[in-house]
Amino acid sequence: MKEILLNTPGKSSRILVGESYRNIRKYLPDKPLVIITDENVALHYGDSFPDGIRIVVKPGEASKTIDSAAGIYDQLIKHEIDRQSFILGIGGGIVSDLAGFIASTYLRGVSFAFVSTTLLGQVDASIGGKNGVNFKGFKNMIGIIRQPDFVLCDPEMLKSLEPSEFRMGFAEVIKYGAIQDPGLVDFLESKHAKALEMDPSVMEEIVGICARAKAGIVSNDENESGERKKLNFGHTFAHAFEKLSGLPHGESVAIGMVLAARLSEQMGLLTSGETKRLADIISLYGLPTSYEGSCRDAFEVMKNDKKRGGDSISLILLDSIGKAIIRDLPLQKLKNLIDDLC
Ligand SMILES: NC(=O)c1ccc[n+]([C@@H]2O[C@H](COP(=O)([O-])OP(=O)(O)OC[C@H]3O[C@@H](n4cnc5c(N)ncnc54)[C@H](O)[C@@H]3O)[C@@H](O)[C@H]2O)c1
């Protein structure tokens with residue numbers, strides 16, 4: 001088991017990688033407990049949950065809404081939950097985003113923690129304190145940054161995931177390698193067979209490397225005014241693909257990273273060999289590398305992306321594999337480059 005500390009000015013949050021979920025009681029404070037989870041997670045792991053009030057939501061983005069949050073506030077009030085209570089979110093990114101939002105807003109804030117149960121959750125969503133819900137079809141429109149007391153990441157829990165959910169988590173894993181860790185890229189290439197078989201020590205190593213990377217970035221830039229933006233590598237394209245074609249997030253990020261690499265190559269930053277290497281790793285993990293729809297349509301969506309500032313768009317590009325840079329591109333220039341890409 002590895003313990004990683006995420007230190008921000010207001011808080012030190014513990015990330016426990018490789019700890020068994022069966023040991024969760026060791027980390028819980030002696031306070032009344034409320035567990036927020038979803039139906040799938042409750043089905044697989046409900047028998048091992050600690051004692052407490054259980055609030056079980058339906059799986060899926062439809063549960064990450066203000067309406068669903070309002071239903072949970074009602075239940076908390078009904079059970080007379082006060083500020084001395086503790087909220088534990090057990091689930092993937094949807095549960096952690098929702099449970100963190102509830103815990104951060106109910107009675108102006110109750111202590112909370114997560115048991116993260118998906119690969120995307122363990123390497124990304126549960127770490128960093130971004131808690132929030134979707135609103136009127138816009139993702140993560142309403143939320144707050146507040147760090148949990150701890151996050152427990154047990155790679156054994158990944159075994160019950162649908163294979164496609166597991167694979168999609170690798171898009172975010174590969175992202176850390178691409179933006180800041182060439183050693184991780186080497187590791188992912190050499191260990192891909194074991195990783196895809198969910199070899200416990202390989203998965204613990206991968207989750208540990210990624211959790212440490214995210215904790216390091218967030219410790220330096222909790223409010224995303226600089227370095228944290230690099231975590232959006234591939235995501236500006238990805239959000240457009242998700243919106244236009246309904247492609248799942250992990251697949252959209254995979255394609256978005258390849259397009260961002262190709263854009264970097266067009267701008268003379270990356271070599272064609274490096275772009276190919278990134279695309280090859282993405283394929284190794286069973287993820288797509290090209291977009292079937294229209295990139296021109298995707299550009300129109302990107303124009304309206306929330307990261308747009310004036311007539312330019314802020315994009316994360318690669319200077320090399322393992323080194324991301326942030327560039328503001330004029331919209332017209334981006335449009336011309338995208339026309340050449342697709
Ligand atoms: N807060 C952040 O920094 C951040 C970062 C990235 C993504 N996110 C958010 O994360 C969400 C996506 O998270 P996700 O990919 O984990 O999806 P998810 O939470 O929907 O989980 C995926 C599916 O797997 C099921 N599941 C979860 N754990 C399981 C397990 N161990 N065994 C069997 N089934 C299991 C769930 O019920 C669900 O059907 C999105 O809403 C996204 O916006 C947040």
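The values are calculated or read from the model by the stated rules, or taken from the named source; none is laboratory data. In this text the structure is predicted, and so the values were computed from the model without any measurement. FYI the Cβ positions are ideal-geometry reconstructions off the backbone, even for glycines, and counts take in every protein chain you see.
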Residue check, Leu16 against (1) within 14 Å of the ligand (Cβ to nearest atom); (2) on the phi < 0 side of the Ramachandran plot, all met but one. Which one?
-> (1)
Can you tell me which residues in segment 123-138 are aromatic (Phe, Trp, Tyr) and either within 27 Å of Arg167 (Cα to Cα) or not in a strand (DSSP E or B) (or both)?
-> Phe138
Looking at (1) of a type outside the set (A, V, I, L, M); (2) out of contact with any Ser or Thr (no Cβ under 8 Å at 6 or more places or on another chain); (3) touching a residue at least 12 places away in the same chain (Cβ under 8 Å); (4) within 14 Å of the ligand (Cβ to nearest atom), find the lone condition where Gln75 falls short.
-> (4)
Failed condition for Ala103, given (1) at negative phi; (2) in a helix (DSSP H, G or I); (3) surrounded by fewer than 24 Cβ atoms within 10 Å (Cβ to Cβ), with all others met?
-> (3)
Look at segment 76-100 and say how many of its residues are β-branched (Val, Ile, Thr) and either buried (at least 24 other Cβ atoms within 10 Å of the Cβ) or within 18 Å of Gly169 (Cβ to Cβ) (or both).
-> 4
Could you say whether any residue in segment 279-293 is farther than 13 Å from Leu317 by Cα, of a type in the set (A, V, I, L, M, F, W, C), surrounded by 23 or more Cβ atoms within 10 Å (Cβ to Cβ) and modelled with pLDDT under 95?
-> no
Examine segment 306-318 for a residue that is modelled with pLDDT of 95 or more, within 23 Å of the chain's Cα centre (by Cα) and among the basic types (Lys, Arg), and state whether such a residue exists.
-> no
May I ask you to say which residue of Gly46, Gly60, Gly91 is on the phi > 0 side of the Ramachandran plot and in contact with a Ser or Thr (Cβ under 9 Å, 6 or more places away or on another chain)?
-> Gly91
Exactly one of (1) in contact with a strand residue (DSSP E or B) (Cβ under 9 Å, 6 or more places away or on another chain); (2) in contact (Cβ under 8 Å) with a residue 40 or more places away in the chain; (3) more than 9 Å from the ligand (Cβ to nearest atom) is unmet by Met141. Its number?
-> (2)
Ser160 passes all but one of (1) surrounded by fewer than 16 Cβ atoms within 10 Å (Cβ to Cβ); (2) more than 11 Å from the ligand (Cβ to nearest atom); (3) at pLDDT 95 or above; (4) closer than 29 Å to Ile72 by Cβ; which number fails?
-> (2)
In segment 85-101, is there at least one residue being within 24 Å of the chain's Cα centre (by Cα) and over 30 Å from Ser164 (Cβ atoms)?
-> yes
Considering only residues that are without any contact (Cβ under 8 Å) to a residue 24 or more places away in the chain and near the ligand (Cβ under 10 Å from one of its atoms), look in segment 43-66 and name the one that is nearest to Phe112 (Cα to Cα).
-> Lys58
Residue check, Leu120 part of a helix (DSSP H, G or I), under 19 Å from the mean Cα position of the chain (by Cα) and over 22 Å from Tyr176 (Cβ atoms) = no
